[in-house]
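Q: Shown below is the structure under consideration.
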Amino acid sequence: MKRILVTGGAGFIGSHTVVELLNSNYEVVIADDLSNSSMEVLNGIEHITGQYPIFEKIDLKCKNSVSELFNKYTNIESVIHFAAHKAVGESVQNPLKYYENNLSPLVYILQELHSLQRPIHFIFSSSCTVYGDTSISPITEDAEVKSAASPYGNTKQIGEEILKDTCKSNNFLNVISLRYFNPIGAHPSNNIGELPQGKPQNLVPFITQTAAGLHNSLTVHGDDYPTPDGTCIRDYIDVVDLAKAHVLALKRLINGENKENYEVFNLGTGKGSSVKEVIQSFEKMSAMSLTYKVGPRRYGDVVTAFANTSKAEKILGWKSKTSLDKSILKAWNWEKKIRNIKNK
Ligand code: WQD
């Protein structure tokens, strides 16, 4: 049976994608260092799919460990590479942690795949942050890739370049890079969701944790931007919709439908929502009011970023289906579950 290696498969987007892969009868191996997740996620996947996934705890920054992984699983046909740190703010504070963690594993995995000397399908977890601070939204895939606004975004730009150059110099690799906008939400079964380790950097988990009482208040990073309500605008895409796009992209490669050996697709809703609109959505869906204060702008933030998703709709046959409100409610239900909150 051909296997799909899912690096970072115990993480937020990775675990939701593993659920969709198992439900589509693919054989999966998860490789994860659990730096931003826990073994509990594997139980959640089993509750949903009835299958406990094959799991390898591994530090992909260790070249020998990566070789051992491929020596153990000799029938890997495809790789979905999620494993990466992904917090824009943190990457500004600690760039070397991001360059090492987000790039060396990619190189080691590609070196192993090259030594296999057989066709390999590769899905890369990329990001809208590769576009840098574009003035134009909705953003299309052929938008100019400006210098990234953060080291995190730069690691995704460099990752795409590494893949493009590898595709150019070899014929073993077929790649689709999926440029996510802002993933949010949780699985409707409430068995898996986002599990940020430590203080969350991202807006939605910070909102749900504040509502759960883990923080005194939310800080809105700046309300003096040139947007209708002064706060930054993003494209908040539901994690389950995002996961389904990975299965469609994988099928495109496995069925040999890709026109080039390197393709890129934006994954978003095509709609922009401001920070304040996300807060209002939470308050509506939770029937709670959220305390927040306005602080200074956060370095590395772009003003507006939301997707033009027509390419994924036309070619992958994929469109996001879940509203912001529904994703926010699922995120809140998940937060209440993991904090054992019953009365809110
Ligand atoms: C969103 C907005 C903040 C926290 C994310 C991922 C990154 C990539 C792109 C996939 C910004 C504001 C946040 C808070 C706030 N996705 N904010 N108070 O920076 O767009 O990046 O999407 O690859 O991996 O990190 O997301 O949720 O951090 O911020 O005001 O406590 O919310 O300033 O305007 P970002 P985010």
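Q: Can you name every residue in segment 47-81 that is farther than 17 Å from residue 112 by Cβ and touching a residue at least 24 places away in the same chain (Cβ under 8 Å)?
A: 47, 48, 49, 51, 53, 54, 55, 57
Q: Residue 139: in contact with a Phe, Trp or Tyr (Cβ under 9 Å, 6 or more places away or on another chain), in the same structural domain as residue 14 (by TED's automatic domain parsing) and modelled with pLDDT of 95 or more, yes or no?
A: Here the answer is yes, as residue 139 does meet what is asked.
Q: What are the residues in segment 144-165 that are among the acidic types (Asp, Glu) and open to solvent by 70 Å² or more (accessible area, probe 1.4 Å), if any?
A: The answer is 144, 161, 165.
Q: For residues that are open to solvent by less than 50 Å² (accessible area, probe 1.4 Å) and touching a strand residue (DSSP E or B) at 6+ places or on another chain (Cβ under 6 Å), scanning just segment 218-228, find the one that is farthest from the ligand (Cβ to nearest atom).
A: Going through segment 218-228, the residues open to solvent by less than 50 Å² (accessible area, probe 1.4 Å) turn out to be 218-220, 222, 225, 227.
From the residues that got through so far, the ones that are touching a strand residue (DSSP E or B) at 6+ places or on another chain (Cβ under 6 Å) too are 218-220, 227.
On the way: 218: 6, 219: 6, 220: 4, 227: 10 Å.
Residue satisfying both the conditions and the ranking: 227.
Q: Name the single residue, out of those in segment 147-191 being among the charged types (D, E, K, R) and away from the ligand (no atom under 15 Å from the Cβ), that is farthest from residue 107 (Cα to Cα).
A: 168
Q: May I pose another question? When the residues of segment 233-243 are filtered to those that are open to solvent by 10 Å² or more (accessible area, probe 1.4 Å) and within 13 Å of the ligand (Cβ to nearest atom), which remaining residue is farthest from residue 17 (Cα to Cα)?
A: 233
Q: When residue 194 is evaluated against the numbered criteria (1) of a type in the set (D, E, K, R); (2) within 15 Å of the ligand (Cβ to nearest atom); (3) out of contact with any helix residue (DSSP H, G or I) (no Cβ under 7 Å at 6 or more places or on another chain), which criterion, by number, is the only one it fails?
A: With respect to (1) of a type in the set (D, E, K, R); (2) within 15 Å of the ligand (Cβ to nearest atom); (3) out of contact with any helix residue (DSSP H, G or I) (no Cβ under 7 Å at 6 or more places or on another chain), residue 194 is out only on (3).
Q: Looking at 91, 78, can you tell me which residue is within 16 Å of the ligand (Cβ to nearest atom), hydroxyl-bearing (Ser, Thr, Tyr), under 19 Å from residue 11 (Cβ atoms) and touching a helix residue (DSSP H, G or I) at 6+ places or on another chain (Cβ under 8 Å)?
A: The unique qualifying residue is 91.
Q: Take segment 263-308 and flag every residue that is under 19 Å from the mean Cα position of the chain (by Cα) and over 24 Å from residue 226 (Cα atoms).
A: Answer for segment 263-308, where residues must be under 19 Å from the mean Cα position of the chain (by Cα) and over 24 Å from residue 226 (Cα atoms): 263, 264, 265, 266, 267.
Q: Moving on to the next point. Select from segment 133-143 the residues that are open to solvent by 10 Å² or more (accessible area, probe 1.4 Å) and touching a helix residue (DSSP H, G or I) at 6+ places or on another chain (Cβ under 8 Å) and write down the one among them that is farthest from the ligand (Cβ to nearest atom).
A: If we take residues in segment 133-143 being open to solvent by 10 Å² or more (accessible area, probe 1.4 Å) and touching a helix residue (DSSP H, G or I) at 6+ places or on another chain (Cβ under 8 Å), then 140 is farthest from the ligand (Cβ to nearest atom).
Q: Would you call residue 215 within 11 Å of the ligand (Cβ to nearest atom), within 16 Å of residue 277 (Cα to Cα) and surrounded by fewer than 23 Cβ atoms within 10 Å (Cβ to Cβ)? Spell out how you get there, then give the answer.
A: Details: within 11 Å of the ligand (Cβ to nearest atom): yes; within 16 Å of residue 277 (Cα to Cα): no; surrounded by fewer than 23 Cβ atoms within 10 Å (Cβ to Cβ): yes.
Spelling it out, it is not the case that residue 215 is within 11 Å of the ligand (Cβ to nearest atom), within 16 Å of residue 277 (Cα to Cα) and surrounded by fewer than 23 Cβ atoms within 10 Å (Cβ to Cβ).
Q: Considering only helices (runs of 4 or more DSSP H) fully contained in segment 19-112, which possess at least 3 residues that are modelled with pLDDT of 95 or more?
A: Once the helices (runs of 4 or more DSSP H) in segment 19-112 are filtered for at least 3 residues that are modelled with pLDDT of 95 or more, what remains is 40-49, 63-72.
Q: For the structure I just gave you, tell me whether residue 28 is under 25 Å from residue 188 (Cβ atoms) and touching a Lys or Arg at 6+ places or on another chain (Cβ under 9 Å).
A: yes
Q: From 127, 189, grab the single residue that is open to solvent by less than 30 Å² (accessible area, probe 1.4 Å), of a type in the set (S, T, N, Q) and within 30 Å of residue 48 (Cβ to Cβ).
A: The match here is 127.
Q: From (1) within 19 Å of the chain's Cα centre (by Cα); (2) free of Cβ contacts under 8 Å to residues at least 40 places away in the same chain; (3) open to solvent by less than 30 Å² (accessible area, probe 1.4 Å), pick out the condition that doesn't hold for residue 98.
A: With (1) within 19 Å of the chain's Cα centre (by Cα); (2) free of Cβ contacts under 8 Å to residues at least 40 places away in the same chain; (3) open to solvent by less than 30 Å² (accessible area, probe 1.4 Å) applied to residue 98, the lone miss is (2).
Q: Confirm whether residue 49 is open to solvent by less than 50 Å² (accessible area, probe 1.4 Å), more than 16 Å from the ligand (Cβ to nearest atom), more than 30 Å from residue 150 (Cα to Cα) and outside the structural domain of residue 221 (by TED's automatic domain parsing). Working first, answer last.
A: On the way: open to solvent by less than 50 Å² (accessible area, probe 1.4 Å): yes; more than 16 Å from the ligand (Cβ to nearest atom): yes; more than 30 Å from residue 150 (Cα to Cα): yes; outside the structural domain of residue 221 (by TED's automatic domain parsing): yes.
Criteria met by residue 49.
Q: Right, here's the next one. Is it the case that segment 171-184 has a residue that's surrounded by fewer than 22 Cβ atoms within 10 Å (Cβ to Cβ) and at positive phi?
A: Taking every residue of segment 171-184 in turn, none turns out to be surrounded by fewer than 22 Cβ atoms within 10 Å (Cβ to Cβ) and at positive phi.
The values are calculated or read from the model by the stated rules, or taken from the named source; none is laboratory data. Since the structure is predicted, the reported quantities are computational estimates derived from the model, not experimental observations. Please note: Cβ atoms are built from the backbone with ideal geometry, for glycine as well, and neighbour counts cover all protein chains shown. For accessibility, only protein heavy atoms count, side chains too; no ligands or nucleic acids. Shrake-Rupley method; radii C 1.70, N 1.55, O 1.52, S 1.80 Å.
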